[in-house]
Amino acid sequence: MRGMPAEEIHGETRLPVRKPSWKMIGPGMVVAATGVGAGDLVATLIAGSKFGYTLLWAAVIGCVVKIALAEATGRWHLATGRTIFDGWRSLGPWTTVYFAVYVVVWGFVYGATAMSSSALPLQALFPDVMPLKAWAIITGLLGLAFVWGNRYAIVEKIMMVFVGVMFVVVVYCAIRVSPDLGDAFAGLAPTLPSGSMIYTLGLIGGVGGTITMAAYGYWINAKGWTDVSWLRMMRLDNRVAYVTTGIFVVAMLIVGAELLHSTQIALAEGDKGLLDLDEVLENRFGAFTANLFLIGFLAASFSSLIGVWHGVGLMFADFVEHVRAHRAGKDPAETEVVEIARGARERSLPFRLYLLWLTFPPMALLWLDQPFGLVIAYGVLGAFFMPFLAVTLLWLLNTSRTPEEWRNGWLSNGLLAASAVLFVVLCVEEIRDLPW
């Protein structure tokens, strides 16, 4: 494997064994902070407000599914020394076409969405300072400047801070509402109340499940983990991240169940639902708890912005390098993982051009409202991404593209197959719900 000197052991060349260390945890927390945005928190709150603790089991299963997907992505990067995009490209030109369209259209609409989401808590905290659009532009520019001027190590540190803020705030709110532990434990028994199917599937597949799961492999490479000697460390990192995500989800479900379900308070769909919750918290517990919640809302939204700017920027840079290498008749896989590990992709022109694409063109949507056709394209492409990821990982990790000893076992295949079916169902539902 590339990226690490080998040593001679009993006449065989092997990589030194890396012991997992809690001190090295990082890329998984970046995934957790990026994947859990304001919209995910609202979806969980609404599930709790409608069904109480009944769907708690779905949140737990959702974490297991995400652990399997992220582990498979990381294992591909470490076992093959190639990026996930290189794997997709090996499946045929259709994957390159899909990704090219996806990353451009999705990035354009997501840029406006992320800026607006980050602006909402700021305007609520400082209502008389400036309008929402101005706050949105400021958050976009701050995210651009931060990712442009810093390497992965600094991005990881600030994301760990955001995770800490989110964790403290969400858990604090869950404790303040005085959860009924008996009902909560009862919610671990799988049941499906009438009308709960879509909410159940959403809890299992939706929270923390975005393109950033594919970016996880790039983040572990940027951390300096470039071969299978880091596999145990990656697995520890991944599990801690999604256990943390699970705590977020369970805590928000508790808030929804205790604060909203019993009083039949309805939240607005989308990020603005968190502002409704802010008002409920202020009426129930006072201004301090409400303001603390808004700070957690800001951490969830702005961390997603920074994570997407950085992680998807790395993926786009890798995509461009592959297109260039293909035209020149070269194999970029010979150097790509090492290039990411030493930060070359973060300094590349494609990386920075994509940061600009995520920041400036989407600002037009803050005034123009999202054009109808763009909303449709964004929704369709976004709905197809998670099924695309699950199916392609099954394909890549069960064929000769992966060294035999690192291919999927029965457990990984079972979880990936189940997640593929789940995401296909969610994809169909999301497309049916689009404003055609």
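Quick check: from the Cα gyration tensor, does region 105-237 come out rounded (a/c under 1.5), prolate or oblate? Cα axes put region 105-237 in the oblate bin. Here the calculated FRET efficiency for Leu353 and Arg239, from their Cβ-Cβ distance with R0 = 56 Å, stands at 0.95, rounded to the nearest 0.05.
The angle between the Cα long axis of helix 372-396 and the longest principal axis of the Cα atoms of the chain comes to about 50 degrees, rounded to the nearest 10. Mind pulling the angle between the C-alpha long axis of helix 38-51 and the longest principal axis of the chain? Nearest 10 degrees, somewhere in 0 to 90. Long axis of 38-51 versus the principal axis of the chain: about 50 degrees.
Over the C-alpha atoms of region 8-156, the Rg to Rh ratio, Rh being the Kirkwood estimate, stands at 1.05. Binning every alpha carbon pair distance of region 75-124 at 10 Å from zero, what are the percents per bin? Per 10 Å bin, starting at zero, the Cα-Cα P(r) for region 75-124 comes out as 22, 28, 26, 18, 6 percent. Restricted to Cα atoms, region 24-432 shows a radius of gyration and a Dmax of 20.5, 65 angstrom. Here the ratio of the Cα radius of gyration of region 26-99 to 2.2 N^0.38 Å is 1.47.
Lys/Arg Cβ at +1, Asp/Glu Cβ at -1, dipole of region 24-432 taken about the Cα centre: which of Thr113, Ser301, Met386 is farthest positive-ward? The residue sitting farthest along the positive end of the dipole is Met386. Here the chain is assigned +1 on the Cβ of each Lys and Arg and -1 on the Cβ of each Asp and Glu. Its dipole about the Cα centre then comes out at about 960 debye.
Seen from Ala290, the other residues with C-beta closer than 12 Å to its C-beta sum to a net charge of -2, counting Lys and Arg as +1 and Asp and Glu as -1.
Read-outs: derived from the displayed coordinates by stated rules, not from any lab. Values in this document were obtained by computation on a predicted structure and should not be read as measured data. Please note: Cβ atoms are built from the backbone with ideal geometry, for glycine as well, and neighbour counts cover all protein chains shown.
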